[in-house]
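Worksheet for the structure shown next.
Every number in this text was worked out from the coordinates using simple rules, so none of it is lab data. Computed from a predicted model, the values in this text were never measured in an experiment. Cβ sites come from the backbone with ideal geometry, for glycine too, and all protein chains shown count toward neighbours.
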Amino acid sequence: MPQIQIIDVTNRDGEQTARISLAKIQKTVINWLLDQMGVYQSEMGFPLSPHERNYINANYELMEPGPNGQEPLMKHIQLGGWSRALATDVEKAFQQTKIKHFNLSISTSEQMLRWKFREKFSEEDILKMVTDATQAAKAGGAITAGVNAEDASRTSLDFLIRFAQAGKEAGADRFRYCDTLGHDDPSTISERIGTIAREVEIPIELHCHNDLGLAVANSCAGAIAACEAGQDAYINTTVNGIGERAGNADLVSCILALRYASRWGKTNLLSNQIDLKKAWKIARYVAHAFGLEIPINQPGVGANAFAHESGIHADGALKDRHNYELYDYEVLGRGERQALPTGRVITTGIHGGASGLEYVYAQMDLGFRDGEHAREILYLVQCANLSTQAPLTEEELWLIYHYPDQVRKLLTLTP
Ligand SMILES: [Zn+2]
């Protein structure tokens with residue numbers, strides 16, 4: 001049976017959003033939380049960007065056992081990189097990083113061929129470029145490579161089929177249908193994806209933007225159409241729907257829609273590896289990392305997603321939760337009471353010293369072997385905080401303590 005998997009692109013498309021960015025340790029925690037959640041792949045960034053190199057290499061090390069038999073931090077997730085569909089870019093990515101999964105992107109629409117590339121490339125040139133880039137990825141040792149048609153929703157179906165076919169013949173594992181401008185609607189995308197899946201017989205990735213508020217609906221409709229045509233589907237999501245302009249398909253909303261929507265919920269196509277119980281944690285971490293509040297009406301994880309005040313609703317919810325709640329808050333990992341300290345608070349970070357550090361780590365049941373060990377961790381804590389410019393979270397402190405060598409590497413930038 002075909003399946004739907006999630007390829008989360010928070011650390012690539014999410015991060016390339018105007019006005020916001022992430023520190024490399026925050027991107028690492030996001031990869032780690034996605035791994036815990038059972039997400040198939042994280043598109044972790046750009047292997048060709050010099051500032052991403054140490055982060056990418058350190059994260060690949062975090063997927064391997066440590067020198068003293070230490071468990072890998074991340075156990076299942078694939079870490080992928082985005083690259084232009086140019087063989088030269090792919091070759092450079094291999095020289096500079098340990099990247100083993102690629103998505104290779106090039107525009108395919110008439111609009112972009114004419115008005116972005118200014119007719120520098122014909123359709124045949126595009127096919128040759130994607131073929132060469134895919135072959136370079138596979139020849140260089142890529143485990144998976146996807147071919148991305150940018151602006152696919154405004155590209156003729158005939159050319160998209162030829163593009164996906166060229167990718168497949170060159171060894172691509174997936175075809176990414178990019179609704180770059182959020183132009184599709186659920187019925188159109190279903191029809192187009194169904195046709196491509198049947199004609200080319202290649203697994204399909206849905207990459208949908210939210211300019212018309214349809215990113216989640218389009219992603220799910222497209223993924224189901226691919227499965228119904230016999231192909232595996234991969235939905236590109238971002239945590240809290242963060243992304244260019246109006247954003248991408250929200251991770252939690254896509255999972256909820258595929259589990260609870262009236263028809264889609266019955267298809268049982270979403271991979272059962274996905275642990276929705278991690279939703280609350282990852283949504284809050286990513287909101288903190290970007291410095292953005294989760295909207296109160298955000299599906300599943302918003303402050304009001306399970307709030308009732310109006311007389312009839314509160315009465316109904318109290319009599320039976322399913323009167324006014326489609327799914328239970330526990331399935332999202334919600335429901336615990338949280339106590340906020342109102343007295344003394346000790347934090348550690350850029351200004352921290354030994355006593356504060358030891359106190360904070362003792363609250364997490366972690367101690368230090370000796371003064372040298374504490375000084376090593378303290379300096380990493382200071383550097384990490386310098387890069388996050390936000391109070392360090394327990395996940396970040398835990399990562400620094402247990403994987404200091406990889407954290408040192410990913411914090412290292414050489415301008
Ligand atoms: Zn995008």
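In segment 352-415, which trypsin sites (Lys or Arg not before Pro) are in a loop and have at most 16 other Cβ atoms within 10 Å, using DSSP for the loop call?
Passing both the DSSP loop test and the Cβ count: ARG369.
Taking N as the number of residues in segment 354-410, what value does Rg over Cα atoms divided by 2.2 N^0.38 Å take?
Rg over 2.2 N^0.38 Å, computed on Cα atoms: 1.02.
Once fully extended, how much extra length lies between ALA139 and VAL345, figured as 0.36 nm per residue of separation less the alpha-carbon to alpha-carbon distance?
Full extension from ALA139 to VAL345 adds 68.7 nm.
List residues of segment 181-210, by number, whose backbone nitrogen lies under 12 Å from a label position 7 Å along Cα→C-beta of ARG245.
Backbone N within reach: 181-184, 209-210.
When the chain is treated as a GNM, springs tying every alpha-carbon pair under 10 Å, which of ILE350, ILE193, ILE30 comes out with the largest mean-square fluctuation?
ILE350
What length, rounded to one decimal in nm, is gained on full extension from GLU309 through to GLU91, with 0.36 nm per residue of separation minus their alpha-carbon distance?
72.7 nm
Express the Stokes-Einstein translational diffusion coefficient of the chain in µm² s⁻¹, to the nearest whole number, given a Kirkwood radius over alpha-carbon pairs, 20 °C and a viscosity of 1.002 mPa s.
95 µm²/s
Which FRET efficiency value, to the nearest 0.05, is calculated for SER355 and GLN70 with the Förster distance at 25 angstrom and r the Cβ-Cβ distance?
0.35
Connecting C-alpha atoms closer than 10 Å in a GNM of the chain, tell me which of THR342, THR28, THR17 has the biggest fluctuation.
THR342
Got a sec to turn the phi values of segment 15-30 into Karplus ³J(HN,Hα) couplings, 6.51 cos²θ - 1.76 cosθ + 1.60 with θ = phi - 60°, whole Hz, x for Gly and Pro?
Here the 3J(HN,Hα) series is 6, 7, 4, 4, 6, 10, 7, 10, 6, 4, 5, 5, 4, 5, 4, 4 Hz.
Among ILE20, ALA85, GLY356, pick out the residue whose Cα is farthest towards the positive end of the charge dipole of the chain, where Lys and Arg carry +1 and Asp and Glu carry -1 on C-beta, about the Cα centre.
GLY356
Dipole of the chain, Cα-centred, from +1 at each Lys and Arg C-beta and -1 at each Asp and Glu C-beta, to the nearest 20 debye?
The calculation lands at about 380 debye.
Per DSSP H run of n ≥ 4, the term is -39500 (n - 2.57); total these for the chain, divide by its residue number, and report the mean residue ellipticity at 222 nm rounded to 500 deg cm²/dmol.
My calculation for the chain gives -13000 deg cm²/dmol from helical runs alone.
Can you list which of the GluC sites (Glu not before Pro) found in segment 169-244 are DSSP loop residues with at most 13 other C-beta atoms within 10 Å?
Listed in order of number, the matching sites are GLU201.
Determine the equivalent ellipsoid of segment 125-268 by diagonalising the alpha-carbon gyration tensor, then write out the semi-axes as square roots of 5 times the eigenvalues, largest first, rounded to whole Å.
They are 25, 16, 15 Å, listed from largest to smallest.
Based on DSSP, what percent of beta bridges with both residues in the chain are antiparallel, to the nearest 5?
5 percent
Between MET63, MET364, MET44, which gets the highest mean-square fluctuation from a Gaussian network model of the chain, Cα cutoff 10 Å?
MET364
Between GLY80 and residues 5 or more places away or on another chain, which pairs have amide H atoms under 5 Å apart, with H built 1.01 Å from N, and which residues are they?
When sequence neighbours closer than 5 places are left aside, the close amide H contacts are SER42, GLU43, MET44.
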